[in-house]
Amino acid sequence: MSRRIAFNFKLVLLAVTGIVFLFPLVVTFTNSFMSEQEITLFYRTDLSYFDVLEGIEQRFISFRLIPRDFSFAQYRMVLIDRPMFLMLLVNSVRITAPVTIGSLIISLLTAYGFTCWKWKHKEILFFIYIVVMLMPLQAVLVPNFIVADWLGITDNQWAVILPGIFAPFGTFLLRQSMKGIPAECYEAARIDGAGELRVFLYVVMPQMKSGIAALTMLVFIEYWNVVEQAVVFLRDFDLQPLSVFLSRIADGRAGLIFAASTVYMLFPFVWLFLGQEHLEKGIELSGIK
Amino acid sequence: MTRPVGGEFAGLSNYIDLLQSPAYQLGLRNTVVFMGLSVPLNMLLSLGAAMLIKDMGKFKPIFVLIFLIPLVIPSGAMVFFWRMMFSRNGFINNIFDMVGLDGINWLNSEYAMLTLLIIFVWKNLGFNLVLFLSGLSNIPKEYYEAAKVDGANALYTLRKITFPCLLPITVIVLLMSVINSFKVFREVYLLMGSHPHESVYMLQHFMNNNFHSLNYPRLTSAATLLSIAMVVITWGLLWLERKASHE
């Protein structure tokens with residue numbers, strides 16, 4: 001009996017915490033369906049003439065969860081009437097897609113080299129990989145900038161994409177996952193005369209499905225949320241991803257921001273619902289051991 | 001203008017210049033303070049959440065999902081909400097006003113650090129939670145059954161089984177939390193810009209701003225010191241983890 005009470009107590013505690021955690025998203029989502037007038041009513045903080053007459057000294061923002069009249073006007077504005085939003089969204093895709101795919105290919109190969117080959121100084125090089133991985137972006141700004149300058153890609157999305165593709169994190173994560181494959185597997189294949197490409201494609205790759213899914217997920221989430229790199233390397237507004245400009249896109253018009261944010265959130269959301277276990281796997285793998 | 005490549009050997013003068021710079025001292029202090037507060041706070045809360053979620057049976061995946069959602073939401077998508085929440089006339093001050101308290105300047109005063117802690121924990125709790133949950137599920141069931149047979153109470157079981165078994169993963173969570181605590185810069189930058197209130201001016205602000213003002217010697221000296229600090233911390237914690245998992 002007391003176990004049941006304890007269970008229910010925990011359940012309620014978690015449910016309340018969960019509601020608090022979801023509150024910001026629920027507000028963003030439901031308010032994106034509000035009409036412009038309703039939004040103005042709730043998010044206006046400057047005093048009007050009537051407020052002064054009625055003796056109101058200060059107006060506060062209050063959140064309303066359910067829109068009074070349901071409207072798609074904000075979405076129409078964001079998706080059709082204002083091409084700027086779509087342009088920035090496309091920029092986000094143009095940065096995230098190459099980084100996700102590119103880093104996956106590079107990391108699979110490097111992780112293979114680190115796991116399935118024996119060579120001198122492997123451990124030392126890998127430790128350097130980890131150290132580079134731990135650096136916050138600002139610490140590697142100068143070397144990144146020098147390389148971008150040398151390649152002639154400053155003020156170009158490639159200045160954000162290339163460091164993303166060659167980031168050591170992917171190698172680290174896939175190596176963690178590849179270490180789970182028993183060495184006998186690829187050694188047996190080698191003894192049977194399979195070349196490295198064959199071993200990689202037909203022995204290692206089929207066992208990497210969950211590692212690949214986990215990395216894809218983590219890299220996508222990271223680059224869909226890209227801010228610092230874009231701010232530093234892309235001076236040109238036309239090249240910016242939406243993640244930088246979500247809150248400024250609509251000169252402070254709340255309804256548009258909510259609608260744009262909802263559209264932007266939708267992408268990682270779909271990913272999360274399709275592959276929650278992959279994200280969990282990715283987090284577990286990224287624990288440095 | 002200083003060029004990043006070339007130039008001549010300057011000895012330690014860049015480092016002396018850096019360490020004497022008030023902006024560097026401020027950024028370093030705030031970063032250390034934020035780490036010192038956010039890391040234990042996030043670890044305690046996520047451990048608590050993991051202990052609760054562990055026994056939830058069929059509800060377990062749903063709760064994990066709820067705490068993972070903030071992690072995947074792009075920071076920019078929440079900036080406007082946080083502003084509405086924490087601004088002078090925001091939602092929180094609205095509640096304060098209703099219960100008769102004075103409003104607080106959440107974004108541009110000493111309280112900005114608290115605001116950041118709230119946002120940081122909201123966003124990053126799920127990460128630690130998953131690690132702790134995997135640590136908890138790795139504790140052999142037999143340990144608990146044996147404790148039960150011996151008539152150990154809940155507190156005793158917690159102290160003698162759960163915590164010791166969680167020690168290795170706790171060190172890993174600690175290391176990841178230190179690394180992840182740098183990510184708060186994204187929120188500070190989006191919410192408060194490149195020159196926020198001095199209580200939340202981070203090391204990353206210092207480096208970012210020096211990059212924009214083309215002061216490369218300062219930036220690279222700061223980056224070098226940070227790299228050394230990170231190597232020492234990582235090495236130390238990995239050593240600790242190895243020790244913890246052998247005992």
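What follows draws every value from the coordinates through simple rules; no lab data is involved. Quick caveat, the model's predicted, so the values are computed rather than measured. Using ideal geometry, Cβ is built from the backbone for each residue, glycine included, and neighbour counts are taken over all protein chains shown.
The angle between the Cα long axis of helix A:209-224 and the main principal axis of chain A comes to about 40°, on a 0 to 90 degree scale.
Rounded to the nearest Hz, the phi-derived 3J(HN,Hα) couplings of the range B:23-39 under the Karplus curve 6.51 cos²θ - 1.76 cosθ + 1.60 (θ = phi - 60°) are 5, 5, 4, 5, x, 5, 4, 5, 4, 5, 4, 4, 4, x, 8, 6, 5, where x marks glycine and proline. Projecting the Cα atoms of B:Ala49, B:Ser13, B:Leu26 onto the charge dipole of the protein assembly as shown (Cβ charges, centred on the Cα centre) puts B:Ala49 farthest toward the positive pole.
Considering only A:Gly211, A:Gly113, A:Gly164, the mean-square fluctuation computed in a Gaussian network model of chain A, springs between alpha carbons under 10 angstrom, is largest for A:Gly113. Projecting the Cα positions of B:Ile119, A:Leu215, A:Pro136 onto the charge dipole of the protein assembly as shown (unit charges on Cβ atoms of Lys, Arg, Asp and Glu, taken about the Cα centre) puts A:Leu215 furthest along the positive direction.
Near A:Phe233, within a Cβ-to-Cβ distance under 12 Å, what is the net charge of the other residues, with Lys and Arg +1 and Asp and Glu -1?
Details: positive: A:Arg235; negative: A:Asp149, A:Asp155, A:Glu228, A:Asp236.
That sum, taken over residues with Cβ under 12 Å, equals -3.
Of B:Tyr201, B:Tyr111, B:Tyr144, the residue with the greatest mean-square motion in the GNM of chain B, using alpha carbon springs below 10 Å, is B:Tyr144.
Once you list every other residue whose beta carbon is under 14 Å from the beta carbon of A:Pro163, what net charge do they have if Lys and Arg are +1 and Asp and Glu are -1? Mind dumping the intermediate values first?
Numbers: positive: none; negative: A:Asp149, A:Glu222, A:Glu228.
Value of the local net charge: -3.
What the Cα atoms of the range A:2-71 give is an Rg and a Dmax of 18.5, 60 Å. Calculated on the Cα set of chain A, radius of gyration then Dmax: 24.7, 90 Å.
In terms of its C-alpha gyration tensor, the range A:1-129 has an oblate overall shape, because the principal axis ratio a/c (a ≥ b ≥ c, square roots of the eigenvalues) is not below 1.5 and a/b does not outweigh b/c.
Mind pulling the angle between the C-alpha long axis of helix B:60-72 and the longest principal axis of chain B? Nearest 10 degrees, somewhere in 0 to 90. Long axis of B:60-72 versus the principal axis of chain B: about 0 degrees.
If I fit a long axis through the Cα atoms of helix A:122-134 and take the longest principal axis of the Cα atoms of chain A, what angle between them do I get, 0 to 90°, rounded to 10? Helix A:122-134 sits roughly 10 degrees off the main axis of chain A.
In the frame of its principal axes, the range B:114-189 has Cα extents of 55, 20, 14 Å, reported largest first. With a sphere of radius 11 Å drawn around the Cβ of A:Gln74, what net charge do the other residues whose Cβ falls strictly inside it have (Lys, Arg +1; Asp, Glu -1)? With Lys, Arg at +1 and Asp, Glu at -1, the neighbours total 0. For chain A, the relative contact order works out to 27 percent when only alpha carbon pairs closer than 8 Å and six or more residues apart are counted.
Please report the equivalent ellipsoid semi-axes of the protein assembly as shown, computed as sqrt(5 x eigenvalue) of the Cα gyration tensor, largest first, in whole Å.
Details: eigenvalues 289, 212, 126 Å².
The equivalent ellipsoid of the protein assembly as shown has semi-axes of 38, 33, 25 Å.
For the range A:75-230, what D do you get in µm² per second when you plug the Kirkwood radius from alpha-carbon pairs into Stokes-Einstein at 20 °C and 1.002 mPa s? Don't skip to the end; give the middle numbers.
Working: Rh = 17.5 Å.
So the translational diffusion coefficient is about 122 µm²/s.
Can you flag which of A:Lys179/A:Lys281; A:Lys289/B:Lys148; A:Lys289/B:Lys54; A:Lys118/A:Lys289; B:Lys58/B:Lys160 are past 26 Å Cα-Cα? It would help to have the intermediate numbers written out before the result.
Numbers: A:Lys179/A:Lys281 14 Å; A:Lys289/B:Lys148 32 Å; A:Lys289/B:Lys54 23 Å; A:Lys118/A:Lys289 20 Å; B:Lys58/B:Lys160 28 Å.
Where the Cα-Cα span goes over 26 Å, the pairs concerned are A:Lys289/B:Lys148; B:Lys58/B:Lys160.
Remark: the range A:2-71 carries a charge dipole of roughly 780 debye about the Cα centre, counting +1 on each Lys and Arg Cβ and -1 on each Asp and Glu Cβ.
What shape does chain B take by its C-alpha gyration tensor, where a ≥ b ≥ c are the square roots of the eigenvalues and a/c under 1.5 counts as rounded, a/b above b/c as prolate, and the rest as oblate?
Numbers: a/c = 2.69, a/b = 1.41, b/c = 1.91.
In terms of gyration-tensor shape, oblate.
Label separation (A:Ile128 vs A:Arg248): 3.8 nm, computed from points 7 Å beyond Cα along the C-beta direction. Relative contact order for the range B:174-247: 22 percent, from Cα pairs under 8 Å spaced at least 6 residues apart, divided by residue count. Remark: relative contact order (the range A:2-71) = 38 percent; criterion is Cα-Cα distance under 8 angstrom and separation of 6 or more residues.
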